[in-house]
Amino acid sequence: MKIAIFEVQKWKQEFLRDGLPDHEIIFFEEPLSEENVEKAKDAEAISVFIYSKVKKETIERLPKLKFIATQSTGFDHIDVEHCKEKGIGVANVPHYGENTVAEHTFALILALSRNVHKSYLRTSGGDFSIEGLKGFDLKDKTLGVIGTGKIGLHVIRMAKGFGMHVKAFDVQTDNFLSEVLHFEYAPLDEVLATSDIVSLHVPYNKNTHHLINKENIMKMKKGALLINTARGGVVDTDALFDALDEGYIGGAALDVLEGEELLLDEKQMLYYKEDNDKLRELVRNEQILKRDNVVFTPHIAFYSQEALERILNTTAENLRAFSEGVAINTVGGAG
């Protein structure tokens, strides 16, 4: 089977080549795009990460395509409905880094709660004063966890280690786990209103788009912190900007942000000709990230050696299984 694999550095290429020894593979370090899709026109399968936008127009330019393996849990970067119509299978990596993302979540929480980022910037400039660097303890604070899937539950376990109280919101509750882990389920508005820190752990889809928005962000506890290691589109960034600008929330720690692809590679603006909304989005995001009460990491919550190896192993397994006529880890009814 001919496979085109995108968004993979050299060491990943060697790893995947070893895992797929019986297949013809072409590798690309860059994302799949309108500019390079022609190079993959003979591929029966492709593998991508989240910065490859596999939309209808791109799929139509891959006439032999039968299968897409995304190197991620989320699959909102793929037009799954069009794949379903075309009979193209789509598979993801359902589990790879519950602890990995949860650990990064607490790295962000601590960076804000103890002003680690401010301290680093100050001391790297030769200023060792402590004025304005006073933080707060996590012990006895309330953590609001939005989404109690595998990552959310791992965050709750870690929070208990810090002596925190936990309130959680999810459309599907698990009362047994809430008893075992000693947390309380509550409606979303209550979680927002009573939590000192709110951490987001939901997938991105039409139901979670702007789950945090202009209406409910102002229901958050005054001075609370917002943590997002889920997906950028879960938060209405205009609402976040206003809440920060008005001093209503105390700060935000973000591993993801709407329009983050433009921050990570501003060259992409060249492909959005006469798109004032994209330009506005870029400027707004840059203004958010300049704030001293905002911590931003470039979508690396998943990015540990161990998690990457799990992602690559599962991706190779998905591709091997498809080549053998077996469907595993399929999503969205495509497959």
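Within region 65-75, none of the residues are at pLDDT 95 or above, basic (Lys, Arg), closer than 30 Å to residue 223 by Cβ and out of contact with any Pro (no Cβ under 9 Å at 6 or more places or on another chain).
Confirm whether residue 123 is hydroxyl-bearing (Ser, Thr, Tyr) and within 22 Å of residue 190 (Cβ to Cβ). Here the answer is no, as residue 123 does not meet what is asked.
Please work out if residue 33 is crowded, with 18+ Cβ neighbours inside 10 Å, out of contact with any Cys (no Cβ under 6 Å at 6 or more places or on another chain) and of a type outside the set (A, V, I, L, M, F, W, C).
no
Residue count for region 81-113, restricted to those that are surrounded by 19 or more Cβ atoms within 10 Å (Cβ to Cβ), of a type outside the set (Ser, Thr, Tyr) and under 22 Å from residue 49 (Cβ atoms): 12.
Against the condition aliphatic (A, V, I, L, M) and under 15 Å from residue 147 (Cα atoms), how does residue 244 come out, does it pass?
Details: aliphatic (A, V, I, L, M): yes; under 15 Å from residue 147 (Cα atoms): no.
Spelling it out, it is not the case that residue 244 is aliphatic (A, V, I, L, M) and under 15 Å from residue 147 (Cα atoms).
Out of 58, 73, 142, 148, one residue alone is closer than 22 Å to residue 294 by Cα and either in contact (Cβ under 8 Å) with a residue 24 or more places away in the chain or in contact with a helix residue (DSSP H, G or I) (Cβ under 9 Å, 6 or more places away or on another chain) (or both). It is 142. Of the helices (runs of 4 or more DSSP H) lying entirely inside region 226-297, those containing at least 1 residues that are modelled with pLDDT of 95 or more, acidic (Asp, Glu) and in the same structural domain as residue 205 (by TED's automatic domain parsing) span 237-245.
The values are calculated or read from the model by the stated rules, or taken from the named source; none is laboratory data. Computed from a predicted model, the values in this text were never measured in an experiment. Positions of Cβ are backbone-derived with ideal geometry, glycine not excepted, and every protein chain shown enters the neighbour counts.
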